[in-house]
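All remarks here apply to the structure that follows.
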Amino acid sequence: MKHEVFEIPYRAELCYKKNKGLILPEDVPYIGMGASHIATKAFRFMGINFYPEKAAEYFNYLLKYKEPDKGVLISQSGQSSETLWCADYFKTFTAIVNDEKSPLVNHANCSKKVLLYAGTENHIATKTYINTLLVLYLGFGFDPQQAVNALKMHQTEFEEVGNEIGGMIFSKIQRKKRCCLYILGNGPNIATANVASLVLSQVMRMPVVSMSVSNYEHGFMETTKDSMVIAINHDGRENARTKKLLKKVKNAGAETYELSNNYVESIFSPLTLPIPFYYAAEYLAQKLKVKTLFQVGNKVVSQVSVDKNYE
């Protein structure tokens, strides 16, 4: 896992160079599962006119109302079952994938392929998640060059912060086995909180809950005592609110940590702020002696069948 995280800067720069000038459509569904779907959510709060949808719910509930003319289907493996189910119902779609030989790219309705250039990824979605974000930034007209540079320049700092977060979490769960761990974000970094909770849940074999700061304040804050709250806090309207929240829940008995953005403009912080969580996951994997991420199941890929009679 650590080797794959170390490779992020090189793979990000390659993806950036290969896809510079990319244009992606707006006003269409963007379909994916897991980290592929989470990446699209970052752009929901950047003023982009598009529809980020989970492939499974889109297939089971929305297709019966309207079959789309075109869209963007994202699957890092190109084999995600639910995304492939949806592919049959798009007249034409753009595929964002890491494997150009995958079933999604070779689907009859695929009119354009966009490659992630993330290389082999055998563990958690690290390189592919960052490169999916990069493709979306480029496709929506942003230039994330400063974030690509930051990924190259600050890996040591990211690792130090990740080890600090991992150490706090490990110490907490050693003292309190049934600890509730929340990861909070604002705006585009709600997606960062979501991917961090996915990664840490996989490694720790325990649920890690993610949501917006505002959502946490509406009820979930009552679970504060003996919990751990990590807040991702970039510059913006909710910066002061987030600081105030952390102070309040710390006084109420929670352990807290504020992860700040110190390297790029806030709009590009979803590209750098996940990295400490990847290092935290690696730290915890070592401490908890995790040998494999998948024990109960595996990644859901195209071998899984479904009744496509969604009506």
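What does the extension gain come out to for ALA108 and ARG205, with contour length at 0.36 nm per residue minus their alpha carbon separation?
That works out to 31.0 nm of additional length.
Using the number of other C-beta atoms within 10 angstrom as an exposure proxy, rank ASP88, ASP27 with the fewest first.
Ranking ASP88, ASP27 by Cβ neighbours within 10 Å, fewest first, gives ASP27, ASP88.
If you add up the charges near LEU134, with Lys and Arg at +1 and Asp and Glu at -1, over every other residue whose beta carbon is less than 12 angstrom from its beta carbon, what do you get?
So the surrounding residues net to +3.
So if R0 is 25 Å, what FRET efficiency would ARG44 and ASP235 give, r being the distance between their Cβ atoms, rounded to the nearest 0.05?
That pair, ARG44 with ASP235, gives E of 0.85.
Taking a ≥ b ≥ c as the square roots of the eigenvalues of the Cα gyration tensor of segment 154-287, is the shape rounded (a/c under 1.5), prolate (a/b larger than b/c) or oblate?
It is oblate, given that a/c is not under 1.5 and a/b is not larger than b/c.
Give the order of TYR30, TYR117, TYR89 when sorted by the count of other beta carbons within 10 angstrom, beginning with the fewest.
If I rank by nearby Cβ atoms, fewest first, I get TYR89, TYR117, TYR30.
Select from segment 60-102 those trypsin sites (Lys or Arg not before Pro) which occupy a DSSP coil region and have at most 12 other Cβ atoms within 10 Å, ordered by residue number.
Those satisfying the criteria are LYS64, LYS66, LYS91, LYS101.
At a 10 Å Cβ-Cβ cut-off, how would you order ILE232, ILE173, ILE23, ILE96, fewest neighbours first?
Least to most surrounded, the residues fall as ILE23, ILE173, ILE232, ILE96.
What lysines could a cross-link reach from LYS113, if we take a straight Cα to Cα line under 18 Å and drop same-chain neighbours fewer than 8 places away?
Partners within reach: LYS17, LYS18, LYS20, LYS70, LYS91, LYS101.
Considering only ASN215, ASN19, ASN233, give the residue with the highest GNM mean-square fluctuation for the chain, with springs between Cα atoms whenever their separation is below 10 Å.
Looking only at ASN215, ASN19, ASN233, the biggest GNM fluctuation is shown by ASN215.
Specify the inter-centroid distance of segment 1-43 and segment 81-142, based on alpha-carbon positions, in whole Å.
If you average the Cα positions of each part, the centres end up 9 Å apart.
So how far apart, in nm, are the two label points at ASN262 and HIS218 if each is 7 Å from Cα heading toward Cβ?
3.4 nm
Angle between the Cα long axis of helix 8-19 and the longest principal axis of the chain, 0 to 90 degrees, nearest 10?
Relative to the chain, helix 8-19 is tipped by roughly 30 degrees.
Once you have the alpha carbon radius of gyration of the chain, what is it after dividing by 2.2 N^0.38 Å, with N set to its residue count?
Output field value: 0.98.
No lab work stands behind these numbers, since they all come straight from the coordinates. The structure displayed is predicted, hence computed values, not measured ones. When we count neighbours, we look across all protein chains shown, and the Cβ atoms used for this are built from the backbone with ideal geometry, even at glycine.
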